[in-house]
Amino acid sequence: MNPYCKSVENKYMKKVLLFSLAVIAIFGILNTKTVAKFLPSVEEQKTSVQTVDWSAVEIDRVEVYKSKRLLQVLDDDKVIKTYKMRLGFAPTGHKTTEGDGKTPEGQYVLDWRNPNSQFYKSLHISYPNADDLAQAKTRGVSAGGDVMIHGSAKNLGGSAGQPLYGYMPKADWTWGCVAVSNQDMDELWRNVKDGTKIEIFP
């Protein structure tokens, strides 16, 4: 082989190798971050044990505090139980656009439910409302939708009595929904009726 051609080939191969190593490194970092996001929460980041006589209360309001990562259920303005939760992957600010990773803020209604959710079970939040639709229309974009309160695992040992029943990722991970553990989702499912008001605070 011509020495010049061999030299060019070697330089080319070195560039390919360096590029390949760079790609592998980048994907390794991204995968590490992705995996870390879904590691289980430590116990103090999960819902604490709270004794509630559910037969004596009727939940008429749900409140979500995004900055505190808390969801509360209330009866006649009295907090009955507080749950830990996770949000969309870009949680700061009100949801305005499909795919923005934000969780809505404001007053909505839990208007229907899905027993066969992709994430165990889910309660639908009535986003977008008229104002949400109007602001999106003026910008020529979709406001998005299908915002839910849902569980965190399905078909992975997430049923009652199985290892992931109480599992909740340590970081925000949804596309804008409010995620709780499957165990907490079952409790919300039983005690929060369709038509219940929900207010989501920053």
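Placing R0 at 25 angstrom, the Cβ-Cβ distance between V57 and W112 gives a FRET efficiency of 0.65 after rounding to 0.05. With each label modelled as a point 7 angstrom along the Cα→C-beta vector, the N129-Y65 pair spans 2.1 nm. Treating r as the C-beta distance of D77 and S48 and R0 as 22 Å, the FRET efficiency rounds to 0.50. Using C-alpha pairs under 8 Å with a sequence gap of at least 6, the mean separation divided by the residue count of segment 49-202 gives a relative contact order of 31 percent.
Segment 44-120 and segment 126-192 have Cα centres lying 9 Å from one another.
For segment 49-115, the list of chymotrypsin sites (Phe, Trp or Tyr not before Pro) that fall in a loop by DSSP and count at most 16 other C-beta atoms within 10 angstrom reads F89.
Counted by Cβ distance under 12 Å from G166, the other residues give a net charge of -2, where Lys and Arg count +1 and Asp and Glu count -1. In a fully extended conformation the segment linking F89 and L156 would gain 21.9 nm over its present Cα-Cα distance, using 0.36 nm per residue.
The numbers here are math on the coordinates, done by the rules we state, and not lab data. It should be emphasised that the depicted structure is a prediction, and the values quoted were computed from it without experimental measurement. Cβ sites come from the backbone with ideal geometry, for glycine too, and all protein chains shown count toward neighbours.
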